[in-house]
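The values are calculated or read from the model by the stated rules, or taken from the named source; none is laboratory data. Only a predicted model underlies this, so the values are computations on that prediction, with no experimental measurement involved. Here Cβ is always computed from backbone atoms with ideal geometry, including for glycine, and neighbour counts include all displayed protein chains. We work out accessible area using only protein heavy atoms, side chains counted, and drop any ligands, DNA or RNA first. Shrake-Rupley method; radii C 1.70, N 1.55, O 1.52, S 1.80 Å.
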Amino acid sequence: MRNVANPFKPTDGGEPPLLIGRRKVIRDFEKGLDNGVGAPGRIMLITGARGTGKTVILTVLGDKARARKWDVIEETASEGLCERLVNELRDRDGLLDRLTIKPSLSFAGASVSLGEAELSPKRMPETLRKAMAERITLLEKHHAGLLISIDETQAADRSDMIAIATAIQHQIRERRNIAIAFAGLPQMVSDLFNDEVITFLRRAKMNVLTSIPVDEVRDAFRTTFHDSGMHIDEQQLQTAAAATCGYPYMIQLVGYHIWDAADMRNSDEISDDDVSQGITEARIDLDNAVCIPELHGLSRNDRAYLKAMAQSDGPSSTTAVAKRMGKTPNYAATYRKRLLDAYVIRETERGEVDFAVPFLREYLRRHGDE
């Protein structure tokens with residue numbers, strides 16, 4: 001019996017063995033840590049469509065920082081982000097947790113706890129700054145630093161981003177050993193970072209994660225299969241790589257299911273049936289994990305707009321989409337904006353729109369009448 005673990009890891013956010021086309025992002029970050037305070041790689045923004053590996057990259061950056069004995073705080077943007085950061089910073093340094101004790105103060109006859117006052121929007125930038133400085137002071141005694149990574153940045157409250165930007169800016173001005181990495185969807189992150197109050201974050205090193213060239217996918221498949229003791233021929237490699245369209249999540253799914261199909265037969269020879277079955281299973285998983293959830297929260301007219309777009313093999317003019325819907329351009333524009341804001345679609349350079357979520361066009365073509 002074979003006793004080798006499947007080398008492909010499609011689990012959301014887990015570090016996969018394949019980081020094709022992402023080496024420069026990782027190297028830039030490592031150089032930022034190694035080159036000291038002020039190095040550009042220490043403030044990093046990672047964007048891309050869903051499934052392009054943003055969370056995976058944050059995981060890898062955290063591992064690189066930990067290997068250098070840095071402390072790492074990993075958060076996902078949601079309500080209470082700054083409060084969680086403050087508590088994590090204070091919990092880790094062993095300091096008295098003032099936010100738990102909450103001694104009371106009286107203002108104009110009303111009793112307000114110190115913890116609540118510290119966590120108020122007005123006080124949060126100062127509170128976060130102090131907690132950050134206290135933690136870094138302890139770390140620098142051991143020649144280490146602090147990395148904060150924030151996923152799904154597009155979901156962050158503006159007040160939280162202002163507090164984080166203010167706190168980080170002060171640490172950098174004081175030449176403290178800190179790094180921060182943000183990840184999020186392009187359109188929403190762009191809107192957030194164009195805020196005049198958060199201009200400091202425009203200095204972040206921008207990394208846009210796009211699809212991987214198919215020939216690089218093929219080469220990575222070849223290496224990974226062979227290193228795990230599986231034989232796969234060149235035509236099978238080409239078929240498997242082409243089926244991914246260079247989409248990172250699909251790369252993991254296709255590789256996983258092809259490898260698993262052969263392993264189920266207790267064979268170290270990939271067959272054509274393994275490739276065919278693996279691609280089919282990968283498409284089912286992708287539909288369930290990406291396409292169906294993407295469509296779930298959309299209105300009937302949102303989906304009608306997408307179905308009209310799916311009739312094109314590539315970008316669609318907004319006029320053509322409205323015509324296919326049987327609506328006026330002004331009517332269709334409402335749903336175009338909603339879908340752009342949700343980053344389900346994106347604008348192209350020609351003023352047209354295309355799908356931002358890979359494989360959604362193909363899914364709609366297969367299930368257009370549902």
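Here are some notes:
- Within region 131-158, considering residues that are assigned to a helix (DSSP H, G or I) and in contact (Cβ under 8 Å) with a residue 60 or more places away in the chain, the one least open to solvent (accessible area, probe 1.4 Å): THR153
- Test for ALA304: is it of a type in the set (A, V, I, L, M) and more than 22 Å from THR244 (Cβ to Cβ): yes
- Options GLN187, GLN171; residue that is open to solvent by less than 10 Å² (accessible area, probe 1.4 Å) and among the polar types (S, T, N, Q): GLN171
- Verdict on ASP268 being over 22 Å from GLN169 (Cβ atoms), surrounded by fewer than 23 Cβ atoms within 10 Å (Cβ to Cβ) and touching a Pro at 6+ places or on another chain (Cβ under 9 Å): no
- Residue within region 338-351 that is touching a Gly at 6+ places or on another chain (Cβ under 9 Å), outside the structural domain of GLY246 (by the TED database) and at pLDDT below 95 present: yes
- Of the criteria (1) exposed (fewer than 14 other Cβ atoms within 10 Å of the Cβ); (2) modelled with pLDDT of 95 or more; (3) under 22 Å from the mean Cα position of the chain (by Cα), which one ALA282 fails: (1)
- Screening the candidates SER228, SER211 for the property of being hydroxyl-bearing (Ser, Thr, Tyr) and either open to solvent by less than 60 Å² (accessible area, probe 1.4 Å) or modelled with pLDDT of 90 or more (or both) yields one hit, SER228.
- Inside region 55-89, residues that are open to solvent by 20 Å² or more (accessible area, probe 1.4 Å) and either in contact with a strand residue (DSSP E or B) (Cβ under 7 Å, 6 or more places away or on another chain) or of a type in the set (Phe, Trp, Tyr) (or both) make up a count of 9.
- Taking region 239-264 as the range and being outside any helix (DSSP H, G or I) and either touching a residue at least 60 places away in the same chain (Cβ under 8 Å) or not assigned by the TED database to the domain that holds GLY278 (or both) as the test, the residues that pass are CYS245, TYR247.
- Residue match in region 207-216 (condition: within 22 Å of VAL56 (Cβ to Cβ) and among the hydroxyl-bearing types (Ser, Thr, Tyr)): yes
- Residues that are under 28 Å from ASN35 (Cβ atoms) and part of a helix (DSSP H, G or I) do not occur anywhere in region 205-215.
- When residues in region 57-79 are screened for being closer than 30 Å to ILE345 by Cα, without any contact (Cβ under 8 Å) to a residue 60 or more places away in the chain and among the hydrophobic types (A, V, I, L, M, F, W, C), 1 of them pass.
- Within the span defined as region 39-50, every residue fails to be assigned to a helix (DSSP H, G or I), open to solvent by 40 Å² or more (accessible area, probe 1.4 Å), over 21 Å from LEU201 (Cβ atoms) and outside the structural domain of PHE359 (by the TED database).
- For region 193-230, residues that are acidic (Asp, Glu) and more than 21 Å from ILE162 (Cβ to Cβ) total 4.
- Filter result (in a helix (DSSP H, G or I) and free of Cβ contacts under 8 Å to residues at least 60 places away in the same chain) within region 160-189: MET161, ILE162, ALA165, THR166, ALA167, GLN169, HIS170, GLN171, ARG173
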